[in-house]
Amino acid sequence: MTLKIGVIGTGAIGKDHIRRITRNLTGGRIVAVTDVNAEQAHGVVQSEGIDARVYDTGLDLINAPDVDAIIVASWGPTHEEFVLAAIAAGKPVFCEKPLAVTAEGCRRIVDAEIAAGRSLVQVGFMRRYDQSYRQLKKVLTDGVIGAALTLNCAHRAPEAPGFSGDMALTDSCVHEYDVLRWLLDDDYVSAQVIVPRPCQQAGVEGYQDPHVILLRTRQSIHISIESFVNCQYGYDIQCHVTGEKGIASLPEPASVHLRHQAKSSHAILVDWKDRFIDAFEVEFQEWINATARGEMDGPSAWDGYVVALTADACVKAKYSGQIEPISLPERPAFYGR
Ligand code: NAP
């Protein structure tokens with residue numbers, strides 16, 4: 001069976017997803033697209049050479065009879081409305097992060113999905129599909145280094161055009177919040193945010209970069225994340241787990257080791273898309289496969305909600321200077337363990 005997919009939002013990532021599903025993956029076909037910029041939506045249909053209808057609105061696309069499943073890749077503030085509409089239509093929906101721009105919005109989605117009685121929602125936390133994170137998780141679950149005690153992580157990008165306010169805490173580090181609780185099979189209980197000397201290259205007076213985010217989990221594991229989104233030198237994601245019997249580190253992206261001109265070196269990536277391109281492919285192939293089987297096995301609406309609560313606690317901690325509790329409501333049985 002071929003899954004007939006409609007895509008809402010044909011901007012940067014929407015276009016990439018259309019291209020990968022059309023050219024690289026199997027089992028899915030883009031049959032419908034929409035964007036507030038209709039010209040752009042028509043342009044993607046043309047440039048990709050796909051036989052897809054362009055709808056006027058996201059709601060029209062969701063309710064189109066020939067659309068089996070939906071990808072939401074529009075601007076964040078539109079996500080909640082489209083995900084709720086897909087649930088109301090009884091259709092599986094893959095939503096790029098954020099699930100909604102507020103924790104309350106995420107909770108409304110969780111409640112609607114539970115009321116619908118079927119798992120329909122997946123959130124675009126693609127790091128769970130990255131080979132290096134999967135290898136690291138296997139080392140931890142196999143018990144190779146014993147129980148995890150502390151994690152030292154970094155999320156560094158060369159620059160962050162368009163970033164303002166607390167976006168490092170609410171927009172980019174959401175990937176750490178999700179992947180680390182998945183890696184440890186744990187939840188957070190508190191957050192603290194340390195604000196070091198700001199770097200000059202952040203540019204705007206009063207704009208803070210870097211941040212150090214300290215999270216504590218239910219199992220009392222201590223996590224430190226350095227978020228530095230104007231680091232200049234490259235796109236560099238680090239995760240080192242100290243366990244009872246050793247240290248396990250996230251594998252570095254493969255690159256040729258050079259001994260050249262009196263230097264020994266490895267290249268460092270500069271673009272997040274290059275770092276996670278394989279993860280996106282695996283993420284969508286697995287989503288298509290599971291959806292075609294009538295299942296949903298990726299990051300859930302509950303995971304999207306927990307990440308939103310974590311981001312809120314981090315913002316609060318940044319301004320209070322205190323350790324802020326992360327009080328998660330009880331996980332509904334609907335979302336399993
Ligand atoms: P983008 O290039 O701005 O694309 C968003 C598109 O959605 C734009 O074409 C926008 O049109 C359109 N749009 C806005 N409101 C709409 C509506 N009501 N109906 C239909 N289309 C609408 O942004 P992007 O970089 O692709 O990001 C899209 C989403 O993906 C964001 O939520 C972002 O956080 C997420 N994302 C996730 C990752 C990841 O690592 N998983 C990476 C990148 C982005 P206009 O431009 O005309 O407003």
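Worth a mention:
- Meeting the requirement of 2 or more residues that are among the basic types (Lys, Arg) and either crowded, with 17+ Cβ neighbours inside 10 Å or away from the ligand (no atom under 15 Å from the Cβ) (or both), no strands (runs of 3 or more DSSP E) wholly within region 231-334 can be named.
- Selection count where residues are part of a strand (DSSP E or B) and within 14 Å of the ligand (Cβ to nearest atom), scope region 3-44: 6
- Strands (runs of 3 or more DSSP E) within region 45-128 that include 3 or more residues within 13 Å of the ligand (Cβ to nearest atom) and buried (at least 16 other Cβ atoms within 10 Å of the Cβ): 69-72
Yes/no matrix, rows are residues, columns are (1) under 22 Å from the mean Cα position of the chain (by Cα); (2) among the aliphatic types (A, V, I, L, M):
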position	(1), (2)
Ala267	no, yes
Ala279	yes, yes
Phe284	yes, no
Glu295	yes, no
Gly304	yes, no
Val307	yes, yes
Thr310	yes, no
Gln322	no, no
Tyr335	yes, no
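- All positions within region 131-145 that are loosely packed, with under 12 Cβ neighbours inside 10 Å and in a loop (DSSP other than H, G, I, E, B): Asp142, Gly143
- Whichever residue in region 184-207 is assigned to a loop (DSSP other than H, G, I, E, B) and touching a residue at least 60 places away in the same chain (Cβ under 8 Å) and, among such residues, is farthest from Pro325 (Cα to Cα): Val195
- Test result for Tyr55, closer than 24 Å to Arg293 by Cβ and either without any contact (Cβ under 8 Å) to a residue 12 or more places away in the chain or not polar (S, T, N, Q) (or both): no
- Any hit, region 155-165, residues being within 16 Å of the ligand (Cβ to nearest atom), surrounded by fewer than 18 Cβ atoms within 10 Å (Cβ to Cβ), modelled with pLDDT of 95 or more and in a loop (DSSP other than H, G, I, E, B): yes
- If the condition is being among the charged types (D, E, K, R), more than 20 Å from the chain's Cα centre (by Cα) and farther than 16 Å from Thr57 by Cα, then region 3-45 contributes Lys4, Arg23, Arg29.
- Residue within region 188-198 that is at pLDDT below 95, under 25 Å from Asp312 (Cβ atoms) and surrounded by fewer than 21 Cβ atoms within 10 Å (Cβ to Cβ) present: yes
- Complete set of residues in region 223-253 that are of a type in the set (Phe, Trp, Tyr) and either within 20 Å of the chain's Cα centre (by Cα) or closer than 23 Å to Tyr129 by Cβ (or both): Phe228, Tyr235
The values are calculated or read from the model by the stated rules, or taken from the named source; none is laboratory data. All values derive from a computational prediction rather than experimental measurement. Every residue, glycine among them, receives a Cβ derived from its backbone with ideal geometry; neighbour counts consider all protein chains shown.
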